[in-house]
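See structure below.
Taken together, the values in this text are just the output of simple stated rules run on the coordinates, not laboratory data. Bear in mind that the values here come from a model prediction, so they are computed numbers and not experimental data. Positions of Cβ are generated from backbone atoms using ideal geometry, with glycine treated the same way; all protein chains shown enter the neighbour counts.
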Amino acid sequence: MTTFEVLKRKAGTAALVGFRMLPGPIRRTLVRAGTPNYTVGAVCAIEHQGAVLMLSQPHRKGWSLPGGLVDHGGTPAEAVAREVWEEIGLRIDPGEPVAFGVYSATQSVDVIFRVQVSERPALSLAAEARRCRWWEVGEKPGVDRETRQIRDLFNTTQTEPREGRVLS
């Protein structure tokens, strides 16, 4: 190591030790100020015999999956259960997420859940959802960019997670 690299490493260590000594609220404020903020959304693919329930909503172009934003301090599962209830009047246990999408360009995160139903449930559309429709897997409804990202991610999701491995 060169003298410059040694000094750089020692300065970095000193900065981290100093950071650790700061009170928790100050550390959190510094971390939040120096890192990007992301919006986290949670959606649910409700499926019945090869069809997925999609909604037409006034604030979106085209069709979208039921879901919405995660509240501060909330979890994606809570958010998707709340939004599905609010949008279509259906109470769900979303289970575990089947996919995550992190998009640095839009500073957004999508958490995708899947619920399979044996019968098509009776739905009660709220003001947020003007229409709903079951789309067959092969059909391609008109969707906006965000929903297209979610659909593409969902369609490439493996049912079993791929195990990690050391590359070098």
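Of note:
- With contacts taken as Cα pairs under 8 Å at a separation of at least 6 residues, the range 39-155 carries a relative contact order of 36 percent.
- Over all other residues within a Cβ to Cβ distance under 15 Å of I92, the charged ones net out to -4, with Lys and Arg as +1 and Asp and Glu as -1.
- Remark: the range 39-155 carries a charge dipole of roughly 420 debye about the Cα centre, counting +1 on each Lys and Arg Cβ and -1 on each Asp and Glu Cβ.
- Charge-dipole axis of the chain as Lys and Arg at +1 and Asp and Glu at -1 on Cβ define it, positive-most pick from A15, I92, G142: A15
- Taking amide H positions as modeled 1.01 Å from N, with prolines and chain starts lacking one, the residues under 5 Å from V143 and 5 or more places away or on another chain are W63.
- Just checking the listed ones, G95, G41, G18: in the Gaussian network model of the chain with Cα springs under 10 Å, the one fluctuating most is G18.
- Using the average count of surrounding beta-carbon atoms within 10 Å as a protection proxy, the listed peptides 20-32, 108-120 rank, highest first, as 108-120, 20-32.
- Residue with peak Gaussian network fluctuation, the chain [Cα springs, cutoff 10 Å], from T106, T147, T39: T106
- Among the listed values [x] 88, 34, 24; [y] 69, 38, 28; [z] 39, 37, 35, the one computed from these coordinates for Cα extents along the principal axes in Å is [y].
- Compared with the dominant Cα axis of the chain, that is its longest principal axis, helix 24-34 is turned about 70°.
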